[in-house]
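As structure tokens, the structure follows; a few thoughts come after it.
The values are calculated or read from the model by the stated rules, or taken from the named source; none is laboratory data. What you are looking at is a predicted structure, and each value in this text was computed from that prediction instead of being measured. Note that we place each Cβ from the backbone using ideal geometry, even for glycine, and neighbour counts take in every protein chain shown.
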Ligand SMILES: [Cu+2]
């Protein structure tokens, strides 16, 4: 390959890498962030993209180069390629560099996960039960059960204990960057503190049956005073009944399931 071609290829590769990184940073993948501590999850994503996009460009670039450079010279060209032996130096380089990157990203993600999962003072516990095809909620400290809309106060740490009554579901709040599976017989946990009022989607992120796409709900983050009023409206003889088909939480008071 001519030196001028090689320089041109390197310039194209750098430009494509820079363009893709700029696009992935500029694009709003998950919507506005509603929990400060989850911002570090965005940072993990960014570093993952910075680490993986150059490899994507290098690998696709080499494939494209080989397709063009070593293509057959007409239909009757059945010559074998030149035999060659491996290069120890290249094998060391392509083993050591990715190992360092993967271990560093793993340690960083571990630190962030530790921060996100840390126990907070004054947590509001919410039991989440997934079922085909709805999310049901119970606030054991307040004696309130609901389904569909999840209403929470702003700036209060939330602690979710989650399970399922049938197949595996996945409780996903894109704006909080949090997603965790729920499974019958297991209790899984999530924590975050919403710092923005508004209405945000909750979806099931696990293909859980024919009605999977309808397994959606909303997270409504409200001011603490409004939350107090909402809790009061959910109690007493005139309180609306939860609409979910199965509103009995299989979670015992200790948070452990009976199975
Ligand atoms: Cu589901």
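Table: residues versus (1) within 30 Å of residue 214 (Cβ to Cβ); (2) in a loop (DSSP other than H, G, I, E, B); (3) within 16 Å of the ligand (Cβ to nearest atom); (4) outside the structural domain of residue 25 (by TED's automatic domain parsing).
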residue: 64; (1), (2), (3), (4): no, no, no, no
residue: 80; (1), (2), (3), (4): no, yes, no, yes
residue: 91; (1), (2), (3), (4): no, no, no, no
residue: 103; (1), (2), (3), (4): no, no, no, no
residue: 106; (1), (2), (3), (4): no, no, no, no
residue: 110; (1), (2), (3), (4): no, no, no, no
residue: 129; (1), (2), (3), (4): yes, no, yes, yes
residue: 136; (1), (2), (3), (4): yes, no, yes, yes
(Q) So in region 214-234, with the set limited to residues that are assigned to a loop (DSSP other than H, G, I, E, B) and surrounded by 13 or more Cβ atoms within 10 Å (Cβ to Cβ), which one is nearest to the chain's Cα centre (by Cα)? (A) 215
Q. Among the numbered criteria (1) buried (at least 17 other Cβ atoms within 10 Å of the Cβ); (2) over 20 Å from residue 115 (Cα atoms), which single criterion is violated by residue 199?
A. (1)
(Q) Against the condition within 14 Å of the ligand (Cβ to nearest atom), touching a residue at least 12 places away in the same chain (Cβ under 8 Å) and either buried (at least 18 other Cβ atoms within 10 Å of the Cβ) or part of a loop (DSSP other than H, G, I, E, B) (or both), how does residue 167 come out, does it pass? (A) yes
Q) Between a first residue in region 212-231 that is farther than 16 Å from residue 146 by Cα and modelled with pLDDT under 95 and a second residue that is assigned to a strand (DSSP E or B) and within 16 Å of the ligand (Cβ to nearest atom), which pairs have beta carbons less than 8 Å apart while being 6 or more apart in sequence or on different chains? A) 212/204
Q) Residues 145, 179: which one is farther than 24 Å from residue 38 by Cα and part of a strand (DSSP E or B)? A) 145
Q: Out of 44, 16, 50, report the one residue that is over 21 Å from the mean Cα position of the chain (by Cα) and in the same structural domain as residue 98 (by TED's automatic domain parsing).
A: 16
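Rundown of residues vs (1) without any contact (Cβ under 8 Å) to a residue 40 or more places away in the chain; (2) under 30 Å from residue 177 (Cα atoms); (3) in contact with a strand residue (DSSP E or B) (Cβ under 8 Å, 6 or more places away or on another chain), yes/no style:
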| site | (1), (2), (3) |
| --- | --- |
| 2 | yes, no, no |
| 6 | yes, no, no |
| 9 | no, no, no |
| 13 | no, no, no |
| 23 | yes, yes, no |
| 35 | no, yes, yes |
